[in-house]
Amino acid sequence: MAELKTKYMGIELKNPIIVGASNLVQDTQNLKKMEEAGAAAIVYKSLFEEQIQLESLHMEQDLGSFNDLDSERGSIFPEMEHAGPAEHLMNLKRAKQQVNIPIIASLNAVYEDTWMDYAVKMANTGVEGLELNFYANAIDPTKSGKDVEQEQIKVLKEIKSAVNIPVSVKLSPYYSNTLNLVKQMDKVGVDGFVMFNRLFQPDIDIEKEEHQLPYNFSSSNDNRIALRYAGLLHGTIKGNICSNTGVLTGEDAIKMLLAGADVVQIVSALYKKGISYVGKVLEEMQEWMERKGYNNIEDFQGKLSKEKLKNPFTYKRAQYVDILMHSDEIFPYNPVDSVHGSDDEEV
């Protein structure tokens, strides 16, 4: 049988399938099901500082809603503060106790001091790794891309020096030169790069004339950019590459490994087809490897990366030009269709 063992962030894994951060992990039974299905590791639900700040504000408003109702009482509640990340840390410890596979914590903070504070506290829960969610919504036209990058690199350096577990960064593809940023972070000593954050984008309901935030599952078509960067980065950095978004099948996972990824993260597939579907993905990978005669992951990982391909244009935009030049082969021109519709009606 083909061997699926691999390594990510210095952590030995039984296969390349990692369950990405999601609400599914909040149920301890789901954690056990993920392990039983064959998942090699689990990224626990992200700790978002904005959520803590919002909950703290709501609590203050609730506690103060009856203040100064009469002249004898300023407040009917004692002074209390929000517990901050305490609940999340408790759940993270509990998750670690439920399974025998590695648990990776996920953090998305706002301020430099809270990045450090939360990162250290999460590392102390006993998790095997820490994933930092780095992205920036560019709404300030006076702030340069370089400023954004330097802020993130500063935070990264401080966290790397403060924790003794492997650290990965989950990036968005919207930097001016993502490859350059990865190179800079790689020099800092990042253990893994997760490509890429799937960011929520606002939509508008034209009848209600208000914003809405729809939740859309990813599809296999969404993995092209992750595949591209896996192919470009393979063999050029010390940190491992984790492809994320649009990995729904064994075929999707194999594509990422062929391009150069070390592991993949899956989430949408589990929402669509259930947690047990992890086993199906692994089965498809093993069947393909055995059919191709590959004994282990190393036999084909990065085989189609930029570093190993002789054709220099595969990962360049010139490939698009080549497609245009041969568009008649892809979309055959039919002069009849240009004059008549599908029912032979004149256009």
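Miscellaneous remarks
- Close amide H partners of ALA21, meaning residues 5 or more places away or on another chain with modelled amide H under 5 Å apart, are VAL43.
- Applied to the stretch 113-124, the Karplus parametrisation 6.51 cos²θ - 1.76 cosθ + 1.60 on θ = phi - 60° returns per-residue 3J(HN,Hα) values of 5, 6, 3, 5, 4, 5, 4, 5, 5, 5, 4, 6 Hz, with x for Gly and Pro.
- Put LEU232, LEU179 in order of accessible area, highest first, and with a 1.4 Å probe you get LEU179, LEU232.
- Each residue was assigned an accessible area with a 1.4 Å probe, and for LYS255 the value is about 80 Å².
- Within-10-Å neighbourhood charge of ASN177 [Cβ basis; K, R +1; D, E -1]: 0
- A simple count of charges around ASP113, restricted to other residues whose Cβ falls under 14 Å of its Cβ and scoring Lys, Arg +1 and Asp, Glu -1, yields -3.
- Computed with a 1.4 Å probe over protein heavy atoms only, the accessible area of GLU307 comes to about 110 Å².
- Total formal charge among the other residues, if their Cβ is under 9 angstrom from that of ILE104, Lys/Arg +1 and Asp/Glu -1: -2
- Per-residue HN-Hα couplings for the stretch 93-98 [Karplus 6.51, -1.76, 1.60; θ = phi - 60°; Hz; x = Gly/Pro]: 4, 5, 4, 4, 7, 7
- Solvent exposure of the stretch 90-245 as accessible area per residue, Å², 1.4 Å probe: 52
The values are calculated or read from the model by the stated rules, or taken from the named source; none is laboratory data. What you see is a predicted model; the values in this text were computed from it and never measured. Glycine also receives a Cβ, built like all others from the backbone with ideal geometry; neighbour counts cover every protein chain displayed. Areas reflect the complete protein model, heavy atoms only, side chains present, ligands, DNA and RNA absent. Shrake-Rupley method; radii C 1.70, N 1.55, O 1.52, S 1.80 Å.
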